[in-house]
1. Looking at (1) surrounded by 14 or more Cβ atoms within 10 Å (Cβ to Cβ); (2) more than 24 Å from residue 158 (Cα to Cα), which is the only condition residue 9 fails?
2. Kindly evaluate residue 115 against the criterion of being over 30 Å from residue 180 (Cβ atoms), surrounded by fewer than 16 Cβ atoms within 10 Å (Cβ to Cβ) and touching a helix residue (DSSP H, G or I) at 6+ places or on another chain (Cβ under 8 Å).
3. Sort out which residues of segment 56-68 are more than 13 Å from the chain's Cα centre (by Cα) and buried (at least 21 other Cβ atoms within 10 Å of the Cβ), and write them in order of number.
4. Can you pull out the residues in segment 175-196 that are in a helix (DSSP H, G or I) and closer than 17 Å to residue 47 by Cα?
5. Only one of these is without any contact (Cβ under 8 Å) to a residue 40 or more places away in the chain, farther than 30 Å from residue 40 by Cα and in a loop (DSSP other than H, G, I, E, B): 134, 130, 161. Name it.
6. Here is a list of conditions, (1) over 28 Å from residue 58 (Cβ atoms); (2) at pLDDT 95 or above; (3) surrounded by fewer than 17 Cβ atoms within 10 Å (Cβ to Cβ), and residue 219 meets all of them except one; can you say which number that is?
7. Hey, residue 155 hits all of (1) out of contact with any strand residue (DSSP E or B) (no Cβ under 9 Å at 6 or more places or on another chain); (2) closer than 26 Å to residue 166 by Cβ; (3) not in a loop (DSSP other than H, G, I, E, B) but one; which does it fall short on?
8. Only one of (1) loosely packed, with under 14 Cβ neighbours inside 10 Å; (2) more than 24 Å from residue 52 (Cβ to Cβ); (3) touching a residue at least 40 places away in the same chain (Cβ under 8 Å) fails for residue 169. Which number is that?
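The values are calculated or read from the model by the stated rules, or taken from the named source; none is laboratory data. Only a predicted model underlies this, so the values are computations on that prediction, with no experimental measurement involved. Here the Cβ is made from the backbone with ideal geometry for all residues, glycine too, and neighbour counts use every protein chain on show.
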(Lines give C-alpha, C1' and ligand atoms only; values in the text may rest on other atoms or scores of the structure.)
Protein backbone atom coordinates (compact mmCIF):
# COMPACT_ATOMS: atom_id res chain seq x y z
CA UNK A 1 0.00 0.00 0.00
CA UNK A 2 1.03 3.63 -0.43
CA UNK A 3 1.48 5.59 2.81
CA UNK A 4 1.44 9.41 2.65
CA UNK A 5 4.93 10.87 2.66
CA UNK A 6 6.14 13.46 5.15
CA UNK A 7 4.95 14.21 8.65
CA UNK A 8 1.53 12.66 9.20
CA UNK A 9 -0.46 11.80 12.30
CA UNK A 10 -3.14 9.20 13.01
CA UNK A 11 -5.91 11.41 11.63
CA UNK A 12 -4.09 11.91 8.34
CA UNK A 13 -3.57 8.17 7.91
CA UNK A 14 -7.17 7.34 8.76
CA UNK A 15 -8.57 9.94 6.37
CA UNK A 16 -6.24 8.82 3.57
CA UNK A 17 -7.13 5.15 3.90
CA UNK A 18 -10.86 5.85 4.16
CA UNK A 19 -10.62 7.89 0.96
CA UNK A 20 -8.89 4.91 -0.68
CA UNK A 21 -11.81 2.64 0.17
CA UNK A 22 -10.58 1.06 3.40
CA UNK A 23 -13.41 0.39 5.85
CA UNK A 24 -13.61 0.44 9.69
CA UNK A 25 -13.53 -3.06 11.15
CA UNK A 26 -12.83 -2.65 14.85
CA UNK A 27 -11.47 -0.63 17.75
CA UNK A 28 -9.73 -1.39 21.02
CA UNK A 29 -8.29 0.65 23.85
CA UNK A 30 -5.22 1.82 21.94
CA UNK A 31 -6.13 1.72 18.26
CA UNK A 32 -8.72 1.47 15.53
CA UNK A 33 -8.57 -0.98 12.62
CA UNK A 34 -9.44 -0.58 8.95
CA UNK A 35 -9.74 -3.31 6.31
CA UNK A 36 -8.37 -2.97 2.80
CA UNK A 37 -10.77 -2.85 -0.16
CA UNK A 38 -9.68 -6.32 -1.31
CA UNK A 39 -10.05 -7.74 2.18
CA UNK A 40 -6.49 -9.08 2.42
CA UNK A 41 -4.96 -6.53 4.81
CA UNK A 42 -5.75 -4.64 7.99
CA UNK A 43 -4.38 -1.32 9.21
CA UNK A 44 -3.98 -0.77 12.94
CA UNK A 45 -3.88 2.99 13.63
CA UNK A 46 -3.07 4.31 17.09
CA UNK A 47 -2.84 7.96 18.19
CA UNK A 48 -0.37 6.94 20.92
CA UNK A 49 1.33 3.61 21.28
CA UNK A 50 4.77 3.43 22.91
CA UNK A 51 4.87 -0.34 22.41
CA UNK A 52 4.24 -0.19 18.67
CA UNK A 53 7.90 -0.36 17.60
CA UNK A 54 8.52 -3.41 19.77
CA UNK A 55 5.50 -5.20 18.34
CA UNK A 56 6.67 -4.43 14.82
CA UNK A 57 10.15 -5.68 15.69
CA UNK A 58 8.66 -8.93 16.99
CA UNK A 59 6.77 -9.41 13.73
CA UNK A 60 9.94 -8.83 11.72
CA UNK A 61 12.26 -10.98 13.81
CA UNK A 62 9.78 -13.82 14.26
CA UNK A 63 8.46 -13.81 10.70
CA UNK A 64 10.35 -17.01 9.90
CA UNK A 65 8.36 -18.88 12.58
CA UNK A 66 5.06 -18.15 10.77
CA UNK A 67 3.54 -17.61 14.21
CA UNK A 68 3.15 -13.83 13.84
CA UNK A 69 1.27 -11.82 11.20
CA UNK A 70 2.93 -10.84 7.95
CA UNK A 71 3.76 -7.16 8.48
CA UNK A 72 3.58 -5.06 5.30
CA UNK A 73 4.13 -1.57 6.72
CA UNK A 74 5.18 -0.12 10.04
CA UNK A 75 5.46 3.61 10.55
CA UNK A 76 5.72 5.87 13.55
CA UNK A 77 3.34 8.81 13.31
CA UNK A 78 3.61 12.38 14.47
CA UNK A 79 2.81 12.77 18.15
CA UNK A 80 3.61 9.22 19.22
CA UNK A 81 1.13 7.39 17.02
CA UNK A 82 1.73 4.09 15.29
CA UNK A 83 0.65 2.49 12.02
CA UNK A 84 0.88 -1.23 11.34
CA UNK A 85 -0.44 -2.75 8.13
CA UNK A 86 -0.57 -6.53 8.21
CA UNK A 87 -2.32 -9.50 6.68
CA UNK A 88 -6.02 -9.91 7.44
CA UNK A 89 -6.66 -12.19 10.41
CA UNK A 90 -9.75 -13.92 11.78
CA UNK A 91 -10.66 -14.56 15.44
CA UNK A 92 -10.45 -18.05 16.94
CA UNK A 93 -12.42 -19.73 19.70
CA UNK A 94 -11.23 -18.90 23.21
CA UNK A 95 -10.11 -22.42 24.13
CA UNK A 96 -7.80 -22.53 21.12
CA UNK A 97 -6.39 -19.11 21.95
CA UNK A 98 -5.80 -20.02 25.60
CA UNK A 99 -4.00 -23.20 24.55
CA UNK A 100 -1.74 -21.21 22.25
CA UNK A 101 -0.86 -18.75 25.00
CA UNK A 102 -0.18 -21.69 27.31
CA UNK A 103 2.20 -23.19 24.74
CA UNK A 104 4.09 -19.89 24.62
CA UNK A 105 4.27 -19.67 28.42
CA UNK A 106 5.61 -23.23 28.63
CA UNK A 107 7.95 -22.80 25.65
CA UNK A 108 6.43 -25.79 23.92
CA UNK A 109 8.50 -27.32 21.13
CA UNK A 110 6.22 -26.10 18.36
CA UNK A 111 6.63 -22.46 19.43
CA UNK A 112 10.16 -22.51 20.86
CA UNK A 113 11.61 -20.34 18.09
CA UNK A 114 8.82 -17.80 18.58
CA UNK A 115 9.36 -17.74 22.35
CA UNK A 116 13.06 -17.00 21.90
CA UNK A 117 12.22 -13.87 19.88
CA UNK A 118 9.38 -12.85 22.21
CA UNK A 119 11.66 -12.98 25.23
CA UNK A 120 14.48 -11.11 23.51
CA UNK A 121 12.31 -8.26 22.26
CA UNK A 122 10.30 -8.05 25.50
CA UNK A 123 13.47 -7.81 27.58
CA UNK A 124 14.57 -4.85 25.48
CA UNK A 125 11.14 -3.25 25.83
CA UNK A 126 11.30 -3.62 29.61
CA UNK A 127 14.67 -1.85 29.63
CA UNK A 128 13.67 0.97 27.32
CA UNK A 129 9.91 1.51 27.62
CA UNK A 130 8.51 3.43 30.60
CA UNK A 131 5.52 1.64 32.10
CA UNK A 132 6.16 -1.49 30.04
CA UNK A 133 3.64 -4.18 30.89
CA UNK A 134 4.09 -7.96 31.10
CA UNK A 135 3.17 -10.15 28.16
CA UNK A 136 -0.49 -9.78 27.26
CA UNK A 137 -2.30 -13.13 27.48
CA UNK A 138 -5.63 -11.80 26.17
CA UNK A 139 -7.22 -14.64 24.11
CA UNK A 140 -8.24 -12.05 21.51
CA UNK A 141 -4.55 -11.66 20.67
CA UNK A 142 -4.46 -15.11 19.07
CA UNK A 143 -5.91 -15.13 15.55
CA UNK A 144 -5.93 -17.19 12.38
CA UNK A 145 -4.37 -16.18 9.07
CA UNK A 146 -5.91 -16.89 5.70
CA UNK A 147 -3.66 -19.92 5.23
CA UNK A 148 -4.98 -21.46 8.47
CA UNK A 149 -2.01 -20.91 10.77
CA UNK A 150 -2.44 -19.51 14.29
CA UNK A 151 -0.58 -16.28 15.00
CA UNK A 152 -0.16 -14.09 18.04
CA UNK A 153 -0.54 -10.32 18.02
CA UNK A 154 -0.08 -7.41 20.44
CA UNK A 155 1.90 -9.27 23.09
CA UNK A 156 3.63 -6.06 24.22
CA UNK A 157 1.92 -3.04 25.69
CA UNK A 158 2.42 -0.05 27.92
CA UNK A 159 0.67 -0.49 31.26
CA UNK A 160 -2.19 1.82 30.39
CA UNK A 161 -4.03 1.99 33.74
CA UNK A 162 -0.81 2.81 35.59
CA UNK A 163 0.46 5.22 32.93
CA UNK A 164 -2.79 7.14 32.68
CA UNK A 165 -3.31 7.23 36.43
CA UNK A 166 0.18 8.71 36.74
CA UNK A 167 -0.53 11.24 34.01
CA UNK A 168 -3.58 12.41 35.95
CA UNK A 169 -1.98 12.44 39.42
CA UNK A 170 1.69 13.18 38.66
CA UNK A 171 2.05 14.62 35.16
CA UNK A 172 5.59 15.81 35.90
CA UNK A 173 6.74 12.19 36.11
CA UNK A 174 5.22 11.36 32.73
CA UNK A 175 6.78 14.47 31.22
CA UNK A 176 10.16 13.48 32.64
CA UNK A 177 10.01 10.00 31.11
CA UNK A 178 8.21 10.45 27.77
CA UNK A 179 9.11 13.35 25.43
CA UNK A 180 6.23 15.58 24.37
CA UNK A 181 6.69 14.59 20.73
CA UNK A 182 6.00 10.96 21.68
CA UNK A 183 2.83 11.59 23.77
CA UNK A 184 1.14 14.52 22.04
CA UNK A 185 -2.01 12.51 21.35
CA UNK A 186 -2.05 10.25 24.38
CA UNK A 187 -5.52 11.52 25.34
CA UNK A 188 -6.93 10.44 21.96
CA UNK A 189 -6.70 6.65 22.27
CA UNK A 190 -10.16 5.09 21.76
CA UNK A 191 -10.57 3.23 25.08
CA UNK A 192 -13.19 1.18 23.23
CA UNK A 193 -12.72 -1.83 25.50
CA UNK A 194 -12.18 -0.47 29.01
CA UNK A 195 -13.59 3.02 28.51
CA UNK A 196 -15.20 5.28 27.69
CA UNK A 197 -13.28 8.29 28.94
CA UNK A 198 -14.83 10.02 31.93
CA UNK A 199 -16.32 13.40 30.98
CA UNK A 200 -13.64 16.07 31.18
CA UNK A 201 -10.83 13.60 31.87
CA UNK A 202 -9.10 14.09 28.52
CA UNK A 203 -9.06 17.87 28.75
CA UNK A 204 -7.89 17.80 32.38
CA UNK A 205 -5.04 15.48 31.44
CA UNK A 206 -4.03 17.65 28.49
CA UNK A 207 -3.96 20.73 30.71
CA UNK A 208 -1.96 18.95 33.40
CA UNK A 209 0.63 17.63 30.98
CA UNK A 210 0.96 21.00 29.26
CA UNK A 211 1.60 22.70 32.61
CA UNK A 212 4.20 20.05 33.44
CA UNK A 213 5.90 20.68 30.09
CA UNK A 214 6.10 24.39 30.97
CA UNK A 215 7.62 23.59 34.35
CA UNK A 216 10.16 21.26 32.76
CA UNK A 217 11.15 23.92 30.20
CA UNK A 218 11.53 26.54 32.92
CA UNK A 219 13.73 24.25 34.99
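1. The single condition residue 9 does not satisfy is (2).
2. Details: over 30 Å from residue 180 (Cβ atoms): yes; surrounded by fewer than 16 Cβ atoms within 10 Å (Cβ to Cβ): no; touching a helix residue (DSSP H, G or I) at 6+ places or on another chain (Cβ under 8 Å): yes.
Here the answer is no, as residue 115 does not meet what is asked.
3. Taking segment 56-68 first, the residues more than 13 Å from the chain's Cα centre (by Cα) are 60-68.
Across segment 56-68, the qualifying residues are 62, 67, 68.
4. Step one: filter segment 175-196 for residues in a helix (DSSP H, G or I), giving 175-177, 180-182, 186-188.
Listed by number, the residues that qualify are 180, 181, 182, 186, 187, 188.
5. On the way: 130 fails: without any contact (Cβ under 8 Å) to a residue 40 or more places away in the chain; 161 fails: in a loop (DSSP other than H, G, I, E, B).
Exactly one residue qualifies, and that residue is 134.
6. For residue 219, the exception is condition (2).
7. Single failed check for residue 155: (3).
8. (3)
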